Amino acid sequence: MMYSLSDLKTVSEDPKIALRELNRLYYTRLRTREYNDAAPNVFDEDWDNLLILDACRHDAFQRAVSEYDIPGESGHRYSRGASTMEFLRANLTERDLSDTVYITATSMLYRLMVLNEEIDHNLHAVVDVWEDAIDVGEWGVRPERVAERTKEVSEEFPNKRLVVHFIQPHIPFIGEFGSERFDDDLIWKKMRQGRLDASDEELWRAYMENLELALPSVEDLLKTLPGRSVVTADHGQLIGEQAFPIPFKEYGHPTGIYCDELVKVPWHVSENGSRKRVVAETPAENQYEEKDRSDMDSKAEEHLRNLGYLQ
């Protein structure tokens, strides 16, 4: 196991990164686990539509869902990833997903598929809602936009499983309180370093506000999409909890940290009419070949920066 000079420089600037790395070694068993292999592949589960709330903790969902008329029964599952990148790598890689359309408000899938060329999948189609949203300056890709696009895609692909990946409750905060109080894309890093004058209570308020803004769109889709829909998350979120086994106040959703706050996620199952007759069909062509890749790449990179992934 080797660490570079840049790694040492990062630790000198942010000593808690070294503590995080030691905790990561614990959870990944000295980096012998590439993901949380105690969890199932989400595509092996029984669903027609999978609604992903990015960075949604199970306990936060349970608190919020009781205030909405969301049909179905709530439970939980464990995710393969503590971050979106880890979730996508662990679930999509080397899978036959030609029966699935992925509708996404986050550009992380584009990053792994196109920018980094890490994931080689055969999804029937990917619908980048974030691209259109960014064209109108909506970096936080509102849940209403995702829901409306999903309804269109459902009509276009009635015999496909749908994955619908919302951004919320992940940053950026788009609610009235959160957007006024926090306008920094490095919120979690600065909180860990003690460079942001904010309380955990304020962060929880902004986080829950983001989640609650997404729930009406989730409710709408559960009552609209046919078949069995599941509401879940790719991973959770740390908001000032004590890390383990080396204790310090931790924030964000670092890859390779498999504590309950990060990998215990909602699993809310709702039925709406008959199940879909799902058919696998390999797409005829690469959907990005005819697009202006340089324009999409720059949009994706700026979006990832806005989500706190690039600095």
Subject >> Simple spin-label estimate for Val279 and Gln193 in nanometres, 7 Å along Cα-Cβ >> reply: 5.4 nm
**OP:** Note down the Stokes-Einstein diffusion coefficient of the range 179-311 in µm²/s, whole number, using a Kirkwood radius over alpha carbon pairs, 37 °C, and 0.692 mPa s.
**Re:** 178 µm²/s
Original post:
If you take every DSSP beta bridge whose two residues both sit in the chain, what share of them, in percent to the nearest 5, is antiparallel?
Top reply: 45 percent
Subject >> Two-site label geometry, Asn122 and Gln242: point separation in nm, points 7 Å out along Cα→Cβ >> reply: 5.0 nm
Original post:
In units of 2.2 N^0.38 Å, what is the alpha-carbon radius of gyration of the range 29-105?
Top reply: 1.24
**OP:** Sort 47-60, 17-30 for me by packing, meaning the mean count of neighbouring Cβ atoms within 10 Å per residue, highest on top.
**Re:** 47-60, 17-30
**OP:** Would you check the range 5-306 for Lys pairs whose C-alpha atoms are within less than 21 Å, ignoring same-chain pairs closer than 8 in sequence, and give me the count?
**Re:** 15
**OP:** Beyond 18 Å, what share of the Cα-Cα pairs of the range 191-233 is found? Please give it as a whole percent.
**Re:** 49 percent
Original post:
So between Thr32 and Glu271, what do we pick up on full extension, going 0.36 nm a residue minus the alpha carbon distance?
Top reply: 82.1 nm
**OP:** Rounded to the nearest 500, what is the 222 nm mean residue ellipticity of the chain from helices alone, with -39500 (n - 2.57) per DSSP H run of 4+ residues and division by all residues?
**Re:** -11000 deg cm²/dmol
Original post:
To the nearest 20 debye, what charge dipole does the range 88-202 have about its Cα centre, counting +1 at the Cβ of each Lys and Arg and -1 at the Cβ of each Asp and Glu?
Top reply: 360 debye
Original post:
How large is the dipole of the chain about the Cα centre if only Lys and Arg carry +1 and Asp and Glu carry -1, each at its Cβ, rounded to the nearest 20 debye?
Top reply: 1080 debye
Subject >> Positive-end extreme of charge dipole, the range 5-306 - chosen from Leu22, Tyr68, Thr106 (charges on Cβ) >> reply: Leu22
Subject >> Footprinting exposure proxy for His268, His76 (fewest neighbouring C-beta atoms within 10 Å first) >> reply: His76, His268
Subject >> Debye intensity ratio in log₁₀ form over the Cα atoms of the chain, taken at each q of 0.09, 0.12, 0.13 Å⁻¹ >> reply: -0.43, -0.80, -0.95
**OP:** Pop out the Kirkwood hydrodynamic radius of the range 18-176 from its pairwise C-alpha distances, inverse of mean 1/r, in Å to one decimal.
**Re:** 17.2 Å
Original post:
To the nearest 10 degrees, how steep is helix 293-306 against the longest Cα principal axis of the chain, on a 0 to 90 scale?
Top reply: 50 degrees
Subject >> Sequence ranges 139-151, 91-103, 194-206, ranked by mean other-Cβ count within 10 angstrom, highest first >> reply: 139-151, 91-103, 194-206
**OP:** Equivalent ellipsoid semi-axes for the range 134-249, as square roots of 5 times the alpha carbon gyration tensor eigenvalues: give them largest first, rounded to whole Å.
**Re:** 32, 17, 12
**OP:** Just grab the label-to-label distance for Asp260 and Ser179, each label 7 Å out from Cα along the Cβ direction, in nm (one decimal).
**Re:** 3.5 nm
Subject >> the range 88-162-the range 230-266 distance, computed between alpha-carbon centres (Å) >> reply: 24 Å
Original post:
For Phe166, Phe248, Phe173, what's the fewest-to-most ordering of other Cβ within 10 Å of each Cβ?
Top reply: Phe248, Phe173, Phe166
**OP:** Fewest Cβ neighbours within 10 Å first, please rank Thr255, Thr282, Thr106 accordingly.
**Re:** Thr282, Thr255, Thr106
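Coordinate-derived values only; no laboratory data. What you see is a predicted model; the values in this text were computed from it and never measured. Quick reminder, even Gly has a Cβ in these numbers, built from the backbone with ideal geometry, and neighbours come from all protein chains shown.
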